[in-house]
Ligand SMILES: Cc1cc2nc3c(=O)[nH]c(=O)nc-3n(C[C@H](O)[C@H](O)[C@H](O)COP(=O)(O)OP(=O)(O)OC[C@H]3O[C@@H](n4cnc5c(N)ncnc54)[C@H](O)[C@@H]3O)c2cc1C
């Protein structure tokens with residue numbers, strides 16, 4: 001008999017990290033208990049019924065790219081990989097409406113994006129030369145030993161103002177959600193190589209065709225069919241370890257505030273860094289717990305805001321666009337992207353700006369609308385029917401130079417207990433891919449401890465074309 005089939009694991013937190021660990025461990029034959037504080041799955045990557053608009057909205061558009069192999073592996077396990085809409089084309093719009101299209105051509109990687117970049121009116125000749133020079137340097141990977149910031153590296157590469165404002169600040173602000181001086185160069189290099197250089201497949205952009213929580217709707221039944229359980233509205237307050245029974249007792253509360261207990265052989269803490277810090281004082285004392293707390297204290301959060309607008313008519317034919325030279329960065333036409341939605345629902349995303357996040361609600365909405373009209377004049381004639389502003393102040397953790405020393409592995413200071421969450425040391429920035437990777441890393445650690453080592457981490461996509469020679 002499979003030895004791990006008799007063993008059990010409790011996973012605290014049902015974000016992408018917890019869900020991907022749960023599915024991997026259920027597949028390996030462990031009895032899984034997935035425990036979540038909220039009444040729905042998905043954590044930071046989720047949707048819910050917004051009370052002010054009576055619409056189901058994502059807490060923000062979550063885009064993925066082809067290089068997200070672990071997230072796609074998780075989607076495949078649950079059977080929802082077909083619910084992603086893929087595109088290789090990116091439209092950039094200047095105030096006034098002039099459009100540039102970026103995307104692949106028949107040329108081999110990393111040259112596949114070059115023809116469209118060269119013909120993009122959004123960039124001057126100096127910008128194009130600047131970008132081509134920087135990309136040429138990034139053909140070789142940057143060592144994770146480097147502690148240089150992207151900002152300082154860009155200065156050394158003498159990037160033009162246009163390249164800085166219309167490419168580096170915009171693309172990196174969206175992907176890494178921080179300002180240029182707060183981003184470690186190796187992470188920026190990794191993102192640029194993944195998005196624009198390794199292959200057209202790696203850089204393809206995916207967006208869910210349904211609200212995010214609907215993506216995970218099959219998960220509870222999938223787990224139950226494996227003999228496992230999902231406990232929603234069940235915050236975990238702490239846990240105790242018995243050396244004698246070699247067993248964890250997890251202390252929970254239900255929706256009415258009544259205490260409860262769950263028992264298991266293994267524990268996976270799949271929480272963001274600040275929730276992990278809150279839990280640590282309620283775990284057994286262990287050498288290494290203080291060091292973990294010290295690592296957590298080195299992390300900081302960055303906000304992302306989204307403005308959700310419902311108009312009485314179509315204001316653009318585009319599915320999505322990058323908006324140049326203004327505070328709002330991305331436009332997602334959710335009525336076109338999410339099948340069966342109807343209406344005229346536009347979502348705007350503002351990343352990496354604490355100033356916008358600090359604006360009062362009406363001022364933020366007014367600014368977003370006044371900027372939107374510069375890109376899409378039809379907004380002027382349209383009637384705004386309803387609006388929602390979502391400010392996620394703790395959207396992502398920053399990947400500042402030197403942050404890797406503060407990212408723990410899946411191993412924790414406690415026996416039979418493992419860590420997951422986008423912030424652990426996955427080599428990826430704060431993304432759904434990092435969360436899915438962390439879940440797979442924790443699942444590998446659990447099965448190794450259970451005496452039946454399994455591999456759950458998915459292979460990275462292989463670089464194509466000329467990039468094969470620049471591993
Ligand atoms: C606004 C916004 C936009 C983003 N855009 C993108 C994007 O476009 N692309 C991308 O790849 N990534 C994006 N991200 C980042 C991505 O959402 C995260 O990196 C990822 O979802 C993190 O997953 P996680 O499982 O590590 O953590 P979380 O999603 O935070 O999950 C942790 C879970 O633990 C639960 N929990 C907390 N405390 C307890 C407790 N005591 N007991 C039980 N449960 C508890 C929480 O409720 C939560 O469900 C975005 C994030 C935000 C907020």
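The figures follow:
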| item | result |
| --- | --- |
| Relative contact order (%) - the range 50-161, alpha-carbon pairs under 8 angstrom, separation at least six | 14 |
| Contour minus Cα-Cα distance for residue 385 and residue 279 (0.36 nm per residue) | 33.9 nm |
| By average C-beta atoms within 10 angstrom, highest first, the peptides 316-327, 119-130 | 316-327, 119-130 |
| Potential lengthening between residue 301 and residue 224 on full extension [0.36 nm per residue; Cα-Cα distance subtracted] | 24.2 nm |
| Nearest-ten-degree value, helix 69-78 long axis tilted from longest Cα axis of the chain | 60 |
| Convex hull projection area averaged over all views, the range 169-220, Cα basis, nm² | 5.3 |
| Projected-area mean, the chain, by convex hull of Cα positions, square nanometres | 22.7 |
| Crossing angle, helix 16-27 versus the chain [Cα axis fit, 0-90 degrees, rounded to tens] | 50 |
| CD proxy at 222 nm, helix term only [per DSSP H run n ≥ 4: -39500 (n - 2.57); per residue of the chain; nearest 500] | -7500 deg cm²/dmol |
| FRET E, pair residue 132, residue 325, Förster distance 25 Å, beta-carbon r, rounded to 0.05 | 0.70 |
| Extension gain, residue 378 back to residue 363 (0.36 nm per residue minus Cα-Cα distance, nm) | 3.3 nm |
| Peptide ranges 245-253, 69-77 listed from the most packed, as the mean C-beta count within 10 angstrom indicates | 69-77, 245-253 |
| Stokes-Einstein D for the range 101-244, Kirkwood Rh over Cα pairs, 25 °C, 0.890 mPa s (µm²/s) | 133 |
| Three-way shape label, the range 1-120, alpha-carbon gyration tensor, a/c 1.5 | oblate |
| Three-way shape label, the range 146-186, alpha-carbon gyration tensor, a/c 1.5 | oblate |
| Antiparallel bridge percentage (DSSP; both residues within the range 1-109; nearest 5) | 55 |
| Least to most buried among 305, 23 (fewest other Cβ within 10 Å first) | 305, 23 |
| Kirkwood Rh (inverse of mean 1/r, distinct Cα pairs), the range 233-355, angstrom | 18.9 |
| Alpha-carbon gyration tensor eigenvalues x 5, square-rooted, for the range 1-60, Å | 31, 9, 8 |
| Folded to 0 to 90 degrees: helix 125-137 orientation relative to the chain principal axis, Cα | 30 |
| DSSP-defined beta bridges in the chain - what % are antiparallel, rounded to 5 | 75 |
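Read-outs: derived from the displayed coordinates by stated rules, not from any lab. As the structure is a prediction and not an experimental result, all values here were calculated from the model. Cβ: placed from backbone, ideal geometry, glycine included. Neighbour counts: every protein chain shown.
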